[in-house]
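Since the structure comes first, as structure tokens, the remarks are kept for the end.
The values are calculated or read from the model by the stated rules, or taken from the named source; none is laboratory data. Everything numeric in this text was worked out from a predicted model, so none of it was measured. Note: ideal-geometry Cβ built from the backbone for every residue, glycine included; neighbour counts use all protein chains shown. Protein only, heavy atoms only, side chains kept; ligands, DNA and RNA dropped before computing areas. Shrake-Rupley method; radii C 1.70, N 1.55, O 1.52, S 1.80 Å.
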Amino acid sequence: MTLEPGLYVAATPIGNLGDVTYRVVEALKAADLILCEDTRHTARLCAAYGVETRRAPYHEHNAEEVRPAILAKLLEGASICLVSDAGTPLISDPGYKLVREARDAGVKIIPLPGPSALVAGLSASGAPTDRFLFAGFPPAKAGARKNFFRDLSGIEATLVFYEAPSRLADSLAAMAAALGDRQACVAREITKLHEDFREESLSALAAHYAAHPPKGEIVVIIHPAGAVGETVDVDALLKEALHSMTLKDAAAAVAGASGLSRKDVYARALALKGRR
Ligand code: SAM
């Protein structure tokens, strides 16, 4: 098979290698070059499907340096596939400037659609899908994260984020405080062995993941305001947290998740424990 010259933006699996499309495999085999976020990572996909095309790195650390030579090859008529480690390139992954500059230079850009964690997570989450906003990774620092969620609080749509497991509980608590205690779904390890979708209020999810630190890759999907479960059920959160935390820690986690004062939540936790 010969490929028409151009830049092919090729989606690859987000876990299960069986999710690669027939068209992507054919294009990877026939291309002059595969640009990879990490060549070792893409080597596994290529080995599984007998792809022997030359691979070269294209990632945030070398993009500025190598882009002119890639554009020159494309203008000479090469067919080049761009892939990332997982899912669709450019979606919280490298490639935007390459596509932009190649398009400006008159190069044909051909999408090869396939997996993306945000669509996979959203599609199975049970959240409304008619209007959604994907906001990528929230900032890591607490102050910036608070402003980031606050800026999204007026948007009448399902919100979708990526998040690292180490930050999930704090991030969910910050979402609850800024957006209100909306219904949400944490989609973990989609298409992999330990795939898990957990749907509860944001504060309940924050308490759960504070008590049970998660592993793996995560998409958070939040229902629009007013969709389901807007009120914080402090008692339910405390009961869940008290299974695995001291009274003091449970009160702190639920206070963080609900936006209520630590003192009030502590008093409620004491009452639930029957200590007064
Ligand atoms: N381009 C990718 C896509 O289209 O989904 C996303 C790349 S971004 C650097 C990686 C993030 O995507 C992970 O930290 C996680 O939030 C999310 N992600 C990727 N694979 C996932 C999976 N199998 N399950 C849940 N989330 C996943």
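Starting from the range 180-196, keep only residues that are among the acidic types (Asp, Glu), then list their pairs with residues that are open to solvent by 30 Å² or more (accessible area, probe 1.4 Å) and more than 9 Å from the ligand (Cβ to nearest atom) whose Cβ atoms are within a distance under 7 Å, requiring at least 6 positions of separation or different chains.
Between residues of the range 180-196 that are among the acidic types (Asp, Glu) and residues that are open to solvent by 30 Å² or more (accessible area, probe 1.4 Å) and more than 9 Å from the ligand (Cβ to nearest atom), the close pairs are 181/229; 181/230; 181/231; 181/232; 189/196.
Kindly check whether there is at least one residue in the range 260-271 that is touching an Asp or Glu at 6+ places or on another chain (Cβ under 8 Å) and either open to solvent by 10 Å² or more (accessible area, probe 1.4 Å) or modelled with pLDDT of 95 or more (or both).
First, pick out the residues of the range 260-271 that are touching an Asp or Glu at 6+ places or on another chain (Cβ under 8 Å): 268.
Those still in the list that are either open to solvent by 10 Å² or more (accessible area, probe 1.4 Å) or modelled with pLDDT of 95 or more (or both) too: 268.
Yes: one or more hits.
Could you tell me whether the range 142-151 includes any residue that is within 16 Å of the ligand (Cβ to nearest atom) and open to solvent by 30 Å² or more (accessible area, probe 1.4 Å)? First the steps, then the outcome.
Initially, the range 142-151 is screened for residues within 16 Å of the ligand (Cβ to nearest atom), giving 145, 148.
If we keep only those that are open to solvent by 30 Å² or more (accessible area, probe 1.4 Å) too, we end up with 148.
Checked against the condition, which is being within 16 Å of the ligand (Cβ to nearest atom) and open to solvent by 30 Å² or more (accessible area, probe 1.4 Å), the range 142-151 yields at least one hit.
One residue is enough: does the range 9-30 have a residue meeting the conditions over 23 Å from residue 217 (Cα atoms) and hydroxyl-bearing (Ser, Thr, Tyr)?
Going through the range 9-30, the residues over 23 Å from residue 217 (Cα atoms) turn out to be 22-30.
Going one step further and asking which of them are hydroxyl-bearing (Ser, Thr, Tyr), we end up with 22.
Looking through the range 9-30, at least one residue is over 23 Å from residue 217 (Cα atoms) and hydroxyl-bearing (Ser, Thr, Tyr).
Considering only residues that are near the ligand (Cβ under 7 Å from one of its atoms) and open to solvent by 20 Å² or more (accessible area, probe 1.4 Å), look in the range 86-113 and name the one that is nearest to residue 10 (Cα to Cα). Give the derivation first.
Step one: filter the range 86-113 for residues near the ligand (Cβ under 7 Å from one of its atoms), giving 86-89, 91-93.
This time we only want the ones that are open to solvent by 20 Å² or more (accessible area, probe 1.4 Å), so: 86, 88, 91-93.
Numbers: 86: 10, 88: 7, 91: 12, 92: 15, 93: 12 Å.
Ranking the qualifying residues of the range 86-113, first place goes to 88.
Look at the range 162-173 and say how many of its residues are open to solvent by less than 50 Å² (accessible area, probe 1.4 Å) and either away from the ligand (no atom under 16 Å from the Cβ) or in contact with a helix residue (DSSP H, G or I) (Cβ under 8 Å, 6 or more places away or on another chain) (or both).
First pass over the range 162-173, keeping only residues open to solvent by less than 50 Å² (accessible area, probe 1.4 Å): 162-165, 168-169, 171-173.
Going one step further and asking which of them are either away from the ligand (no atom under 16 Å from the Cβ) or in contact with a helix residue (DSSP H, G or I) (Cβ under 8 Å, 6 or more places away or on another chain) (or both), we end up with 162-163, 168-169, 171-173.
Residues in the range 162-173 being open to solvent by less than 50 Å² (accessible area, probe 1.4 Å) and either away from the ligand (no atom under 16 Å from the Cβ) or in contact with a helix residue (DSSP H, G or I) (Cβ under 8 Å, 6 or more places away or on another chain) (or both): 7 in total.
Answer yes or no: is there a residue in the range 114-130 that is surrounded by fewer than 12 Cβ atoms within 10 Å (Cβ to Cβ) and not polar (S, T, N, Q).
Within the range 114-130, the subset surrounded by fewer than 12 Cβ atoms within 10 Å (Cβ to Cβ) is 130.
Remaining after also requiring not polar (S, T, N, Q): 130.
So far as the range 114-130 goes, yes, one or more of its residues are surrounded by fewer than 12 Cβ atoms within 10 Å (Cβ to Cβ) and not polar (S, T, N, Q).
Filter the range 36-79 for residues that are outside any helix (DSSP H, G or I), in contact (Cβ under 8 Å) with a residue 24 or more places away in the chain and under 26 Å from the mean Cα position of the chain (by Cα); which is surrounded by the fewest Cβ atoms within 10 Å (Cβ to Cβ)?
From the range 36-79, those outside any helix (DSSP H, G or I) are 36-38, 50-62, 76-79; that's our starting set.
Then drop every residue that is not in contact (Cβ under 8 Å) with a residue 24 or more places away in the chain, which leaves 36-38, 51, 53, 58-60, 77-79.
Going one step further and asking which of them are under 26 Å from the mean Cα position of the chain (by Cα), we end up with 36-38, 58-60.
Numbers: 36: 25, 37: 20, 38: 14, 58: 25, 59: 17, 60: 9.
Going through the qualifying residues, I end up with 60.
Would you point out the residue of the range 227-258, among those that are surrounded by 15 or more Cβ atoms within 10 Å (Cβ to Cβ), touching a helix residue (DSSP H, G or I) at 6+ places or on another chain (Cβ under 8 Å) and outside any helix (DSSP H, G or I), that is modelled with the lowest pLDDT?
Filtering first and then ranking leaves 232.
What tally of residues in the range 178-203 results from selecting those that are in contact with a Ser or Thr (Cβ under 8 Å, 6 or more places away or on another chain), surrounded by fewer than 24 Cβ atoms within 10 Å (Cβ to Cβ) and among the hydrophobic types (A, V, I, L, M, F, W, C)?
Final tally of qualifying residues: 4.
Look at the range 178-226 and say how many of its residues are among the charged types (D, E, K, R), part of a loop (DSSP other than H, G, I, E, B) and more than 11 Å from the ligand (Cβ to nearest atom). Please lay out each step first, then the result.
Kept after step one, since they are among the charged types (D, E, K, R), are these residues of the range 178-226: 181-182, 188-189, 192, 195-196, 198-200, 215, 217.
Filter once more, keeping what is part of a loop (DSSP other than H, G, I, E, B): 181-182, 189, 192, 195, 215, 217.
With more than 11 Å from the ligand (Cβ to nearest atom) added as a condition, the list becomes 181-182, 215.
The number of residues fulfilling the criteria is 3.
Which of the numbered conditions does residue 14 fail, given that it passes all the others? Conditions: (1) within 16 Å of the ligand (Cβ to nearest atom); (2) part of a strand (DSSP E or B).
(2)
Go through the residues of the range 104-114 one by one and say whether even a single one is closer than 30 Å to residue 161 by Cα, under 25 Å from the mean Cα position of the chain (by Cα) and in a helix (DSSP H, G or I).
No, every residue in the range 104-114 fails to be closer than 30 Å to residue 161 by Cα, under 25 Å from the mean Cα position of the chain (by Cα) and in a helix (DSSP H, G or I).
Just the residues that are open to solvent by less than 50 Å² (accessible area, probe 1.4 Å) and in a strand (DSSP E or B), please, taken from the range 131-141. If you could, list the steps in order and put the result at the bottom.
Of all residues in the range 131-141, those open to solvent by less than 50 Å² (accessible area, probe 1.4 Å) come to 135-136, 138-139.
Once the filter is applied, which keeps residues that are open to solvent by less than 50 Å² (accessible area, probe 1.4 Å) and in a strand (DSSP E or B), the range 131-141 yields nothing.
Among 86, 184, which is the only one that is out of contact with any helix residue (DSSP H, G or I) (no Cβ under 7 Å at 6 or more places or on another chain) and either over 25 Å from residue 19 (Cβ atoms) or small (Gly, Ala, Ser) (or both)? Give the steps one after another, and end with the answer.
Numbers: 184 fails: out of contact with any helix residue (DSSP H, G or I) (no Cβ under 7 Å at 6 or more places or on another chain).
The match here is 86.
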